[in-house]
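> My questions will all concern the structure given below.
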Amino acid sequence: MADTFDAVVIGGGPGGYNAAIRLGQLGLSTACIDKRGAFGGTCLNIGCIPSKALLFASERFEEAGHSYAKLGIKAQVSLDLPAMMGHKDKVVGELTKGVEFLLKKAKSEAIVGEARITAPGKIEVKGKDGATRTITTKNIIIATGSEVAALPGVTIDEKQIVSSTGALALKEVPKRLLVVGGGYIGLELGSVWRRLGSEVTVVEFLDRITPGLDGEIGKNFQRILTKQGMKFQLSTKVVGVEKKGAALSVTVEPAAGGEKKTIETDIMLVSIGRRPFADDLGLEKIGVKMDQRGRVVTDGHYATNVAGIWAIGDVREGAMLAHKAEDEAVACAERIAGKAGHVNYDAIPAVVYTAPEVASVGKTEEELKAAGVAYKIGKFPFTANARAKTIAATDGFAKVIADAKTDRVLGVHILGAEAGNMIAEAALAIEFGAASEDIARTSHAHPTLTEAVRQAAMGVEGWTMQM
Ligand SMILES: Cc1cc2nc3c(=O)[nH]c(=O)nc-3n(C[C@H](O)[C@H](O)[C@H](O)COP(=O)(O)OP(=O)(O)OC[C@H]3O[C@@H](n4cnc5c(N)ncnc54)[C@H](O)[C@@H]3O)c2cc1C
């Protein structure tokens, strides 16, 4: 085993493992270090993948119990939670093993251990057995990701007061679940447990859920989730929590201050966001610049202020998303190999995997208004889409925003079934600098949900045909 490499990646998440793979493809000798014991990072182990496995299974459970009868299917449905968790664990196990295989294929050494940078080009790795290995490398990529942001005064025990990690592994369905934070993680996990039988209340500090998403989409999304039985307390903050026997008494007050109230719950999920994680890496000692939010500062090409040290993914600025980390991994690896890697941040989609899904790419109306950009809009509801009718999924709409002068697509926002798959077309359109007319004149198979995007694009120039 060599202890000298061209590049070493610290962190085996979507940022880290993709960087190692791309570096290997480009002929550099690499290693990828992760302390977790299973590769794939937050995303594969305790994030994207387990949550999507439970979202899928719980959605089928709810459909079988409530919607199949309308389709002429009679079913007696009951929940086997351990088996559902078993499905999730199996998927996670297979995919994390898959990452190890991919690293091997790229001739990147997968090292399990905790890494610390002792000097530029020098890393010390402490293995599970306590043994230390010293590695020398020309380049270090920091891809150490993020961790759950704490709620002041609240201690997460992962049993009664849980983070997303605990909420992915509850042993039984709580009667009442209080979700603190109306972002995508809280809404996804809240949806899982509501479908399985919990009464779910979401407390959100802001006056809207899913901040950052298009406002019109957010409002309609909240209306649909409310219809499904989720309760919302907006402009409200949690200021304390007390254990009361097997239950929790949670104190809330208006975000702007005011009269306190208590909410009784069985489980509280803290999902107020994530914070970049670069603890114990030794960055301060070697002078790597961090910002006030604890993110590693880089230039546009992922280089830190210390030569040979780079950073990608959740640990640096930008959306905390797996595919953003992956895109930065590819660009950073290509830069290290002397190529011209680049990420177009306007073309990075974001998806909420609830039912219906929410997906968006590019600018929201709010952002364009704030920037003083003149725009036109086309919209199309799924109630008027043939495929949506056939699959009994008519909630939501597609919205295309284009530049008023040039017709260039600036943003696409979809609330509806399969929105997460459909947004790929819009991301490609933005990446290619397409006009809304390009989408409108592109043939879309019939009957598909994607026709709603086409009809919305037609609407930008006022010629939506099927409404
Ligand atoms: C519940 C949940 C659901 C999510 N769902 C989605 C989704 O659907 N889609 C999406 O795009 N994103 C989703 N995310 C976000 C996504 O998981 C992250 O954006 C992504 O994992 C970031 O990748 P990364 O490589 O930057 O870091 P991580 O995936 O966080 O990987 C960092 C790795 O570094 C390791 N590490 C840290 N310090 C050291 C050290 N000193 N030595 C060795 N190893 C170290 C950690 O063990 C970790 O495995 C979700 C997150 C959560 C929590």
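The values are calculated or read from the model by the stated rules, or taken from the named source; none is laboratory data. Just so we're clear, the structure is a prediction, and the values are computed from it rather than from any experiment. Cβ: placed from backbone, ideal geometry, glycine included. Neighbour counts: every protein chain shown. Please note that ligands, DNA and RNA were not included when accessible areas were found on the heavy atoms of the full protein model with its side chains. Shrake-Rupley method; radii C 1.70, N 1.55, O 1.52, S 1.80 Å.
> Please identify the pairs in which a residue from the range 316-337 that is open to solvent by less than 30 Å² (accessible area, probe 1.4 Å) has its Cβ atom under 6 Å from the Cβ atom of a residue that is part of a loop (DSSP other than H, G, I, E, B) and near the ligand (Cβ under 8 Å from one of its atoms), counting only partners at least 6 apart or on another chain.
Pairs that qualify, where the first residue is open to solvent by less than 30 Å² (accessible area, probe 1.4 Å) and the partner is part of a loop (DSSP other than H, G, I, E, B) and near the ligand (Cβ under 8 Å from one of its atoms), are GLU328/ILE312; ALA329/ILE312; CYS332/ILE312.
> Taking the range 174-219, which residues are among the polar types (S, T, N, Q), closer than 22 Å to GLU62 by Cα and within 15 Å of the ligand (Cβ to nearest atom)?
Step one: list which residues in the range 174-219 are among the polar types (S, T, N, Q), which gives 191, 198, 201, 210.
Now restrict to residues that are closer than 22 Å to GLU62 by Cα: 191, 198, 201.
Scanning the range 174-219 gives a single hit, SER191.
> I need the full set of residues from the range 300-318 which are over 15 Å from LEU44 (Cα atoms) and either among the acidic types (Asp, Glu) or within 8 Å of the ligand (Cβ to nearest atom) (or both), in order please.
Looking only at the range 300-318, we keep the residues that are over 15 Å from LEU44 (Cα atoms), and these are 300-312, 315-318.
Matches in the range 300-318: ILE312, VAL315, GLU317.
> Among the listed residues GLU334, GLU326, identify the single one that is part of a helix (DSSP H, G or I) and within 16 Å of the ligand (Cβ to nearest atom).
Numbers: GLU334 fails: within 16 Å of the ligand (Cβ to nearest atom).
Answer to the check: GLU326.
> Please go through the range 377-405 and pick out each residue that is open to solvent by 50 Å² or more (accessible area, probe 1.4 Å), in contact (Cβ under 8 Å) with a residue 60 or more places away in the chain and either part of a helix (DSSP H, G or I) or over 11 Å from ALA457 (Cβ atoms) (or both).
ARG387, ALA392, ASP395
> Let me ask something additional. Residue under question is VAL358, and the condition is that it be at pLDDT 95 or above and under 21 Å from THR448 (Cα atoms); does it hold? Don't jump to the end; show me each part of the working.
On the way: at pLDDT 95 or above: yes; under 21 Å from THR448 (Cα atoms): yes.
Yes: the conditions hold for VAL358.
> Answer yes or no: is there a residue in the range 143-157 that is open to solvent by 30 Å² or more (accessible area, probe 1.4 Å), within 26 Å of SER78 (Cβ to Cβ) and either away from the ligand (no atom under 14 Å from the Cβ) or free of Cβ contacts under 8 Å to residues at least 24 places away in the same chain (or both). Even if it seems obvious, please write down each step before you answer.
From the range 143-157, those open to solvent by 30 Å² or more (accessible area, probe 1.4 Å) are 144, 147-148, 150, 152-153, 155-157; that's our starting set.
Imposing the further condition that a residue be within 26 Å of SER78 (Cβ to Cβ) reduces the set to none.
No, the range 143-157 contains no residue that is open to solvent by 30 Å² or more (accessible area, probe 1.4 Å), within 26 Å of SER78 (Cβ to Cβ) and either away from the ligand (no atom under 14 Å from the Cβ) or free of Cβ contacts under 8 Å to residues at least 24 places away in the same chain (or both).
> For GLN222, are the conditions met, namely being more than 16 Å from the ligand (Cβ to nearest atom), within 20 Å of the chain's Cα centre (by Cα) and of a type in the set (S, T, N, Q)?
Values: more than 16 Å from the ligand (Cβ to nearest atom): yes; within 20 Å of the chain's Cα centre (by Cα): yes; of a type in the set (S, T, N, Q): yes.
So GLN222 fits the description; yes.
> So which residues in the range 245-276 are within 16 Å of the ligand (Cβ to nearest atom) and surrounded by fewer than 19 Cβ atoms within 10 Å (Cβ to Cβ)?
If the condition is that a residue be within 16 Å of the ligand (Cβ to nearest atom) and surrounded by fewer than 19 Cβ atoms within 10 Å (Cβ to Cβ), then GLY273, ARG275 are the ones that fit.
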